[in-house]
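Notes follow once the structure below has been shown.
The values are calculated or read from the model by the stated rules, or taken from the named source; none is laboratory data. Small disclaimer: the values here were computed from a predicted structure and weren't measured. Cβ placement follows ideal geometry from the backbone for every residue including glycine, while neighbour counts extend to all protein chains displayed. SASA here: full protein model, heavy atoms, side chains in, ligands and nucleic acids out. Shrake-Rupley method; radii C 1.70, N 1.55, O 1.52, S 1.80 Å.
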Amino acid sequence: MSAQNLSILDTLAFNDEGYMTDRTQWTEEVANAIAEDEGITLTERHWVVIHFARKVFAETKDSPTLRQITKQTDVSMKEMYQLFPNGPAKKAAMIAGLPKPTGCI
Amino acid sequence: MKKTLLILGAGTGGTMVANKMAARLDADEWHIIVVDRDETHYYQPGFLFIPFGIYDAADVIQPKRNFLPSAVETVFSDIEIIEPDQNRVRLVKDQRVIPYDYLVIATGSHIQPEQIEGMTDSGWRKNIFDFYTCEGATALAQFLKTWDGGRMVINIAEMPIKCPVAPLEFAFLADWYFQERGMRDRVEIIYATPLSGAFTKPRATVALGDLLARKGIQTVADFNIAEVDNNRQAIISYDEREISYDLLVTIPTNMGADVIGRSGMGDELNFVPVDKQTLQSKKWDNIWVIGDAGNAPTSKAGSVAHFMLETVTENLKRHMDGLEPLPTFDGHANCFIETGFDKGLLIDFNYEVEPLPGRYPLPGVGPFPLLEESRVNHWGKLAFRWMYWNLLIKGRPMPVSNEMSMAGKWS
Ligand SMILES: Cc1cc2nc3c(=O)[nH]c(=O)nc-3n(C[C@H](O)[C@H](O)[C@H](O)COP(=O)(O)OP(=O)(O)OC[C@H]3O[C@@H](n4cnc5c(N)ncnc54)[C@H](O)[C@@H]3O)c2cc1C
């Protein structure tokens, strides 16, 4: 993790679970930093998911569920697990600067 | 001409609404119609006890007609399609078309085992069972009678599922059942869940996770099933982990009714988007949703449908009278959790407050200890069946309040 990225994350507010609390602070650079912190290097395919997640949130005020993502984009379940290992919907929301998906209650 | 209130589904929620609205609306002004495809009412919480021979099918079924008021027109038919922009519903039977002024959707949620690759192949109902249907639970009871042990894997395919505590209860009861039969040492129980722990809420997850461990049940967390390999008898996750089984007890993907999807009214799981506090459809002013059919972010449970009842019926009436709906539903859920050995646990929570330890004050019967095993909670669960048939679905007052109370809770 580079010192530069650390300093970006240090200026932002996160909740206990690592989700941003002030969504207005999100930029693509922030996304890269959060991803790197999670051990993920963002590729074009990650951005398909991140942009989709942000679009859904803007419309519904909810982060998309895994099923929503795989149904409405061309990213398959399998690919989601490769892109965002260990809880893909949660990881995608986290990197997209969105709250944890409320899908599971 | 009379106006029409149409209720789709006569399960827990639809039956309660029919009873409440029949008592509230002027029969000279309103015609109430209820549609359901199935003449039998299933007490679904009872399915949990069937595999272990505690209940059998006869204990959980009653004719739907017994619970619907005579003032309501009851139609048994499949629903072909809902046309919300035209305010009408088409039925399969006699191709009847019912125009409505108000619509209540109460078509519930159902398991869809076909959603998982390989689930309904050769092993289905041979060594792969569900207990979320009466047939599944009964077939599993049959299987368990002669099973001589091995590895039992309990797997939740995907959230949300109705009654999210039922799989845990199943695990606890299985542990008890195998002990009673003197074969617990021959059965390995594995609990594989897509959640990061035993349950969805932090404090309850710790308490329930401890209980699983104490009972020698192994939890496999973050397991998202991709497929079932019937030949090798293994379930495989999207991140390519494998768990082999001798007996697979699955809680398949739960979805809203197909007709919701066909009618273009649902989300990707066929749940109808609703305002989580007023329970009005997000898209159509004259449509209200009760129970499992909606997408409100609370548990899908009979107790929740009951807590929604007041909000739905009051808001329907207000809307009919030209008033704004009130945001009165707080997501209140409470569940008795069977933990085996005649004991149980009780959790009580809503949109804002997670399950807390303490005592649940219930006039006349309680108090019930919260988040803690006790015998009285087990009796509460069994008494619930009586309350369900005799009070709850008839819309009679229950000795619990709709809004969650913090009385007795230790935060
Ligand atoms: C194993 C198990 C254990 C449970 N334990 C508990 C518990 O301990 N406590 C608790 O509170 N809840 C429990 N529940 C959950 C509870 O049973 C449900 O949440 C509750 O019944 C939901 O009510 P509902 O009215 O939304 O749907 P339902 O009661 O399922 O009713 C839906 C109705 O719609 C009808 N329908 C659907 N589609 C169509 C169509 N196309 N045409 C015509 N009719 C249609 C169906 O026939 C059905 O009658 C449990 C459920 C299961 C499966």
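Among residues belonging to the stretch B:295-311 that are more than 12 Å from every other protein chain (Cβ to nearest Cβ) and within 11 Å of the ligand (Cβ to nearest atom), point out the one that is farthest from B:Phe349 (Cα to Cα).
Checked the stretch B:295-311; the qualifying residue farthest from B:Phe349 (Cα to Cα) is B:Leu309.
Sort out which residues of the stretch B:297-323 are more than 24 Å from B:Lys381 (Cβ to Cβ), touching a Phe, Trp or Tyr at 6+ places or on another chain (Cβ under 8 Å) and at pLDDT 95 or above, and write them in order of number.
Correct list: B:Thr311, B:Val312, B:Asn315, B:Leu316, B:His319, B:Met320.
Write out, first by first residue and then by second, each pair whose Cβ atoms fall under 8 Å of each other, whose residues are 6+ apart or on separate chains, and whose first residue, in the stretch B:312-324, is of a type in the set (Ser, Thr, Tyr) while the second is part of a helix (DSSP H, G or I) and open to solvent by 50 Å² or more (accessible area, probe 1.4 Å).
From residues that are of a type in the set (Ser, Thr, Tyr), the pairs are B:Thr313/B:Lys20; B:Thr313/B:Arg24.
Looking only at the stretch B:41-63, decide whether some residue is within 13 Å of the ligand (Cβ to nearest atom) and open to solvent by 80 Å² or more (accessible area, probe 1.4 Å).
no
Which members of the stretch B:165-199 meet the condition of being assigned to a loop (DSSP other than H, G, I, E, B) and of a type in the set (Gly, Ala, Ser)?
B:Gly182, B:Ser196, B:Gly197, B:Ala198
Looking at B:Ala198, B:Ala192, B:Ala213 in this structure, which one is of a type in the set (A, V, I, L, M) and surrounded by fewer than 17 Cβ atoms within 10 Å (Cβ to Cβ)?
B:Ala213
Residue by residue through the stretch B:232-272, note down the ones that are assigned to a loop (DSSP other than H, G, I, E, B), over 30 Å from B:Asp36 (Cα atoms) and touching a residue at least 60 places away in the same chain (Cβ under 8 Å).
B:Gln233, B:Tyr245, B:Asp246
Conditions (1) surrounded by fewer than 14 Cβ atoms within 10 Å (Cβ to Cβ); (2) at pLDDT 95 or above; (3) outside the structural domain of B:Asp229 (by TED's automatic domain parsing), marked per residue:
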position	(1), (2), (3)
B:Gln86	yes, yes, yes
B:Pro99	yes, yes, yes
B:Val104	no, yes, yes
B:Met119	no, yes, no
B:Ala141	no, yes, no
B:Leu144	no, yes, no
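Collect the residues in the stretch B:278-294 that are surrounded by fewer than 24 Cβ atoms within 10 Å (Cβ to Cβ) and away from chain A (no Cβ under 14 Å), keeping them in residue-number order.
Selection gives B:Thr278, B:Gln280, B:Ser281, B:Trp284, B:Asp285, B:Asn286, B:Ile287.
Determine which single condition B:Ala174 fails, assuming it passes every other condition in (1) over 22 Å from the mean Cα position of the chain (by Cα); (2) within 16 Å of the ligand (Cβ to nearest atom).
(1)
Quick one: B:Asp258 ticks every box in (1) of a type outside the set (Phe, Trp, Tyr); (2) more than 12 Å from the ligand (Cβ to nearest atom); (3) open to solvent by 30 Å² or more (accessible area, probe 1.4 Å) bar one, so which box is it?
The one condition B:Asp258 does not meet is (2).
Yes or no: A:Thr41 modelled with pLDDT of 90 or more, open to solvent by less than 80 Å² (accessible area, probe 1.4 Å), over 12 Å from A:Met94 (Cβ atoms) and of a type in the set (Ser, Thr, Tyr)?
no
Against the conditions (1) surrounded by 22 or more Cβ atoms within 10 Å (Cβ to Cβ); (2) within 30 Å of B:Ala166 (Cα to Cα); (3) not small (Gly, Ala, Ser), where does B:Pro297 fall short? Just the number, please.
Every condition holds for B:Pro297 apart from (1).
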